[in-house]
Each structure stands twice: as structure tokens, then as C-alpha cells.
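The values are calculated or read from the model by the stated rules, or taken from the named source; none is laboratory data. Keep in mind that what you see is a predicted model, and the values were worked out from it rather than measured. Cβ: placed from backbone, ideal geometry, glycine included. Neighbour counts: every protein chain shown.
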Amino acid sequence: MKKRKENKKKFFIFGIIALIFFIIVFFAIFWSFNFKPKERLKFGVIRIEGPILTNAEIPFYKFTDSSKVLESIKKAESFDGIVLYINSPGGSASSSFKIFDGIKKYKEKNKTVIAFIDEQGLSGAYLIAVPANKIYASRMSFIGGIGVIGSYLEIAGLLERYNISYVRLVKGKYKDLGSPFKHITQEEKEILEKKLQIIYDEFLEEIKKNRKVNISLISEGEFFTSKEALEKGLIDEIGDMEKIKKDLEEELNKSIDLIEIKSSKSIYEEFSKIFTLAFYAIGLGFGDSLKFNQFSIQT
């Protein structure tokens, strides 16, 4: 009888221990599935600030070099996505489309692209934002300005006033089309306007492909405030970088690290800027522009 009681007691203790063990195992499994830390994703921040150019050397002047942006996009291939920080009035049509194409290719690799317009995202700068999965803008930013400008300084009248002749030696009727040293003809003007129309149409076509907007309401070069742009479908949200991070974390259910991607600069580039400034100071910059600066197209 006594032995039976002892066995019963041992069995009871063993049962309690087994129950505690199973409870611990159950909670361990439950915890691992429900309370494990969120996986962290890396998003690169690429800045597009100032006029958009290509391979430009302008000392002490903030601008975006399209080749540097493409370099940054290449670096971001190991990231989960990118955030484009945009504060730009636009720039050269060619440079804007280069970045636009680079972003589209990046997105095709199953990467997330977010655009954030801070202060201004006009013309070519807005084009760069168009392929993004989502476009944000800070309050009271200026957005849109969709159009194309073709311009140059014509100094033919000034040369005539001082009896300076422009000696025209060309092979090819339109080789000096857009030269500042001669008066533009009606035929030449029509040719240039035709080129502008081609670029303008392509610009609008890309917006139509990527955004649900009424093109007729935004295609006359007008810029809009953030609130107006939201109403017209040019952007998706009004907010800041903090909101972007929060929205991404909620949407992806993972923690997000925003890491700024900076393009590399050589010592040669830094010194070259200083020397370029010196040359401009003695007037060579002006001479340079007269020699090479013909008709320029900007978005």
C-alpha cells in the first residue's frame, strides 16, 4: 500500500514535469513564429538636386550629373529598392531620359522604386519620378512644368552693329543650324520646332504609360502645388522621408534601412573644378560658350 502511494506520487511529479516541459516547448515555438525580429531591408537613397546635366564641370554649383546617378543606380543593385530624393527644376532632355531609362531597367529587376519630390520636381525631374511605384511630395512643393524648351542666344544683330562679319563655311545646308552668329530663317525655325515636338510627344507618352492622368490638364508647362498635383494624379501621397519609411515598413512588414548612395569623386575631379573656376574668371568660359553653345534643348 505504501509502495503504491510512492509510485503514485512519483507518477504525479513526473506528469507535472512533463506538463511544464510541453508548456515551455509550446511557448518557445509560438514565440519563434510570432515574435521573431522583422527582417531588415535596405533601400538606397539617390539624390537628384539642381539642373540635370551630363558630364558637366561647373565649379561651386549644385547640379546632377546623369552619369553619376546611373553609377548610383548600379550600386543599388544589391539593395531591395531605392528612394529618389528629387529637388530639381529639370535639365537637358538627353540627361533626363538617360536617368529615366536607368530607373526603368532597375525596376524591371523586381526592385521597388519610390520617388520623393522636395521643393520642386519640374519637367525632366518629374519625368525621372514617373517610373516609380509611388511618388511622394512634401507640402508646398512645385510639381509638373511638363514641356520642352529650345533656346539659344542670337547675337547676329550685335555683330552687325559693330560691323563684325560672320563668315559661313559649311558643307551641309543645316550644319550651323542654331548658330548664334546668324539670323535664324523661318525654315530653320520650323525644323527646330519639329524636333521639340518629337521630344515633347515622347515625354507625354511616358507619362501616359506610367500615370493615370488627364494629359490635357497637365501638358501646357504649368507647375502645380503638391495638393493640386495630388488631385490631378501627378503624385500619390503628400509626406516626408519619415512617412515613406513608415509606409514601406507597413506595406512590406519588414524593417527598412535608408542608406544614402554617394557617387565616387576622384581627386582629379576636385582639382579640375578649382582650375575650371580660375579659367572662367579670366573670360575663357564666355569664349567657350560662343564657340560651342548652339541650340540647346531642355525639359
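Listed values, structure above:
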| quantity | calculated |
| --- | --- |
| Residue selected from the range 95-112 under the condition touching a strand residue (DSSP E or B) at 6+ places or on another chain (Cβ under 8 Å) and not aromatic (Phe, Trp, Tyr), by the criterion nearest to Glu222 (Cα to Cα) | Ser96 |
| Any pair with Cβ under 6 angstrom, 6 or more apart, that starts in the range 190-208 at a residue that is part of a helix (DSSP H, G or I) and ends at one that is among the hydroxyl-bearing types (Ser, Thr, Tyr) | Leu204/Ser219 |
| Selection count where residues are under 24 Å from Ser123 (Cα atoms), hydrophobic (A, V, I, L, M, F, W, C), at pLDDT 95 or above and in a helix (DSSP H, G or I), scope the range 211-263 | 4 |
| The one condition in (1) surrounded by 16 or more Cβ atoms within 10 Å (Cβ to Cβ); (2) farther than 24 Å from Leu204 by Cβ; (3) at pLDDT 95 or above; (4) not charged (D, E, K, R) that Asn110 fails to fulfil | (1) |
| Where a residue in the range 143-156 is in contact (Cβ under 8 Å) with a residue 40 or more places away in the chain and at negative phi and its partner, wherever it lies, is aliphatic (A, V, I, L, M) and assigned to a loop (DSSP other than H, G, I, E, B), with Cβ under 7 Å and at least six apart | Ile143/Leu234; Ile143/Ile235 |
| Flag for Ile215 being touching a helix residue (DSSP H, G or I) at 6+ places or on another chain (Cβ under 7 Å) and surrounded by 16 or more Cβ atoms within 10 Å (Cβ to Cβ) | no |
| Test for Ala56: is it out of contact with any Gly (no Cβ under 7 Å at 6 or more places or on another chain), at pLDDT below 65, surrounded by 10 or more Cβ atoms within 10 Å (Cβ to Cβ) and small (Gly, Ala, Ser) | no |
| Residue count for the range 190-240, restricted to those that are under 13 Å from Lys134 (Cα atoms) and among the aliphatic types (A, V, I, L, M) | 4 |
| Among (1) modelled with pLDDT of 95 or more; (2) surrounded by 19 or more Cβ atoms within 10 Å (Cβ to Cβ) - the single one Ile146 does not satisfy | (1) |
| Residues that are buried (at least 24 other Cβ atoms within 10 Å of the Cβ) and either modelled with pLDDT under 95 or within 16 Å of Ile207 (Cα to Cα) (or both), drawn from the range 92-102 | Ala93, Ser96, Ile99 |
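Conditions tested, residue by residue: (1) of a type in the set (Gly, Ala, Ser); (2) within 22 Å of Phe97 (Cα to Cα); (3) in contact with a Leu (Cβ under 9 Å, 6 or more places away or on another chain).
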residue	(1), (2), (3)
Gln120	no, yes, no
Tyr166	no, no, yes
Lys194	no, yes, no
Arg211	no, yes, yes
Gly221	yes, yes, no
Lys232	no, no, yes
